[in-house]
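Taking it in order: structure first as structure tokens, then the write-up.
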Amino acid sequence: MKIVAVIPARWASSRYPGKPLADVGGKPMIRRVYEQARACEGIADVIIATDDERILRAAQAFGARAVMTDAACASGTDRVAQAVRDIEAGAVINIQGDQVVLDTAAIVALAGELERGCPMATVALAASGEDAADPNTVKVVLDREGYALYFSRAAIPYPRSPGRAPLLKHVGLYGFSRETLFRFTALPQSPLELTESLEQLRALENGIRIKVVIAEGAFHEINTPQDHARVVERCRD
């Protein structure tokens, strides 16, 4: 199976406009994400999907394959689907353009799940008690086979009897079979998705099972200039 990774990268972030080109240790952020994705075994190609000529030109300058997509795409997943519509691929991995530090082993494991026939897969990490209370950190609970039961901004599972189930936080990387990607993006937004503002709930509400890979390495994303400063400082250490 040919697996392609797509990195959606838009300019007009409300919290940090132009962040794909923010300098991180001498390279634009989008290049750091691209190079880590290229290093992942099992990924046949990496494509940067953008809506801005500045990002397109920067990507092409460091040798990346980059395509222009519609500025009206409602989400990164819609941008990914548009980018691969005319590209031969049996499965697609959506890697967020602000995920500047990646656990590449987890991405390889994600590709493996797609190879084994999972319609959709994603990544989670062990979470802290502080994460549980933070609505900006998305939590996930799993069934006994490692498939997602539910994602929430609330603390799930509620610790009435602590220590019996792991607390996991979701990392916004997704793998889709080609068929599932186009099915998912054609579905209307669902009630739970709209309630929690979490697009992966649209999949669960429509019977699409999501396998969850538990990562052991680090993930760091840049959402704000403050995040950028922290990541740059970490790179110096």
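Name the one entry in Thr137, Thr122, Thr77 that is in the same structural domain as Asp52 (by TED's automatic domain parsing) and hydroxyl-bearing (Ser, Thr, Tyr).
Every option except Thr77 fails the conditions.
Here's a check for you: in the stretch 184-237, which residue that is assigned to a strand (DSSP E or B) and charged (D, E, K, R) is farthest from Lys19 (Cα to Cα)?
Lys211
Kindly check whether there is at least one residue in the stretch 172-179 that is among the aliphatic types (A, V, I, L, M) and in a loop (DSSP other than H, G, I, E, B).
No, because not a single residue in the stretch 172-179 is among the aliphatic types (A, V, I, L, M) and in a loop (DSSP other than H, G, I, E, B).
Which of the residues belonging to the stretch 110-168 are farther than 30 Å from Gly90 by Cα and of a type in the set (Lys, Arg)?
If the condition is that a residue be farther than 30 Å from Gly90 by Cα and of a type in the set (Lys, Arg), then Arg153, Arg160, Arg164 are the ones that fit.
Scan Leu173, Leu181, Leu168, Leu187 and give me the residue that is surrounded by 13 or more Cβ atoms within 10 Å (Cβ to Cβ), touching a residue at least 40 places away in the same chain (Cβ under 8 Å), over 22 Å from Ala5 (Cβ atoms) and of a type outside the set (Lys, Arg).
Just one listed residue meets the conditions, Leu168.
So for the stretch 110-132 (the condition being more than 13 Å from Val171 (Cβ to Cβ), touching a Pro at 6+ places or on another chain (Cβ under 6 Å) and either modelled with pLDDT of 95 or more or of a type in the set (Lys, Arg) (or both)), does at least one residue qualify?
Here is the first cut: in the stretch 110-132, the ones more than 13 Å from Val171 (Cβ to Cβ) are 111-120, 128-130, 132.
Keeping just the survivors that are touching a Pro at 6+ places or on another chain (Cβ under 6 Å) gives none.
No: zero hits.
Report yes if Ala5 is surrounded by fewer than 16 Cβ atoms within 10 Å (Cβ to Cβ) and either of a type in the set (Lys, Arg) or closer than 18 Å to Thr69 by Cα (or both), otherwise no. Step through it out loud before you land on a result.
On the way: surrounded by fewer than 16 Cβ atoms within 10 Å (Cβ to Cβ): no; either of a type in the set (Lys, Arg) or closer than 18 Å to Thr69 by Cα (or both): yes.
Considered against the rule, which asks whether it is surrounded by fewer than 16 Cβ atoms within 10 Å (Cβ to Cβ) and either of a type in the set (Lys, Arg) or closer than 18 Å to Thr69 by Cα (or both), Ala5 comes out as no.
Within the stretch 52-64, how many residues are touching a strand residue (DSSP E or B) at 6+ places or on another chain (Cβ under 7 Å) and crowded, with 16+ Cβ neighbours inside 10 Å?
Summing the residues that are touching a strand residue (DSSP E or B) at 6+ places or on another chain (Cβ under 7 Å) and crowded, with 16+ Cβ neighbours inside 10 Å in the stretch 52-64 gives 5.
The values are calculated or read from the model by the stated rules, or taken from the named source; none is laboratory data. This structure is a prediction, so every number in the text was calculated from the model and none was measured. Reconstructed Cβ throughout: ideal geometry from the backbone, glycine too, with neighbour counts over all protein chains shown.
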